[in-house]
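The values are calculated or read from the model by the stated rules, or taken from the named source; none is laboratory data. Keep in mind it's a predicted model, so treat the numbers as computed, not measured. Using ideal geometry, Cβ is built from the backbone for each residue, glycine included, and neighbour counts are taken over all protein chains shown. Side chains included, ligands, DNA and RNA excluded: accessible areas come from the protein's heavy atoms. Shrake-Rupley method; radii C 1.70, N 1.55, O 1.52, S 1.80 Å.
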Amino acid sequence: MRNNQVALLVTMICAAIPASAQSLCELVPAAVVQSTLGISVALTAAPNTQGGNGCDYKGASTGPITLTADTISDAGIYKTIFDQRLHSLGPTQQLVSGVGDAAYYDFKQRQQIPKYPGVNFTRQSIVFRAKGKIVNFILMIPGDGVPKASMLALATYTISKPINSLKDPT
């Protein structure tokens, strides 16, 4: 009888410990992305299917709204690439302070997608290092984009989550 009680107690304790998140979709829900970025159309979220731990957020509008999010360990070649990027930013990129350990922001307007002739898109991204991860959010949205402060707020929200628990892609 005592063995059964101990087994039940262990089972109850293990059930109370949440499993680690498998993707950014679990840590950063679509409703949070929508409200943080100030997007008026509903977004859906689906884990990306390319073996990663990222998330693809999508919304319907004149042209589609997409936000792709990914993380990778801040080690090895990925750390080297990120560090090099911080020291050789392109003309549309700028360092951002106050977001994780290091971050840069990119903003490109008047981007064309052949499938949507006549629709101008804005491509915005925030890439940052925090909690042993490199995280990137890439937004493609029709029109003039969202405020830079909104992209930084999304990054700050993400840093508040246990992103270090996400497994790296294989």
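Just for segment 150-164: of the residues that are open to solvent by 40 Å² or more (accessible area, probe 1.4 Å) and among the polar types (S, T, N, Q), which one is nearest to the chain's Cα centre (by Cα)?
The qualifying residue nearest to the chain's Cα centre (by Cα) is THR156.
PHE82 is checked against (1) modelled with pLDDT of 95 or more; (2) surrounded by fewer than 17 Cβ atoms within 10 Å (Cβ to Cβ) and fails just one. What number does that condition carry?
(2)
Tally time: how many residues in segment 45-76 are open to solvent by 20 Å² or more (accessible area, probe 1.4 Å) and either in contact with a helix residue (DSSP H, G or I) (Cβ under 6 Å, 6 or more places away or on another chain) or farther than 25 Å from PRO117 by Cβ (or both)?
Looking only at that region, the number is 14.
Of all residues in segment 108-126, how many are at negative phi and open to solvent by 30 Å² or more (accessible area, probe 1.4 Å)?
Of the residues in that region, 11 qualify.
If you scan segment 104-131, which residues turn out to be closer than 13 Å to THR158 by Cα and out of contact with any Gly (no Cβ under 6 Å at 6 or more places or on another chain)?
If the condition is that a residue be closer than 13 Å to THR158 by Cα and out of contact with any Gly (no Cβ under 6 Å at 6 or more places or on another chain), then ILE126, VAL127, LYS131 are the ones that fit.
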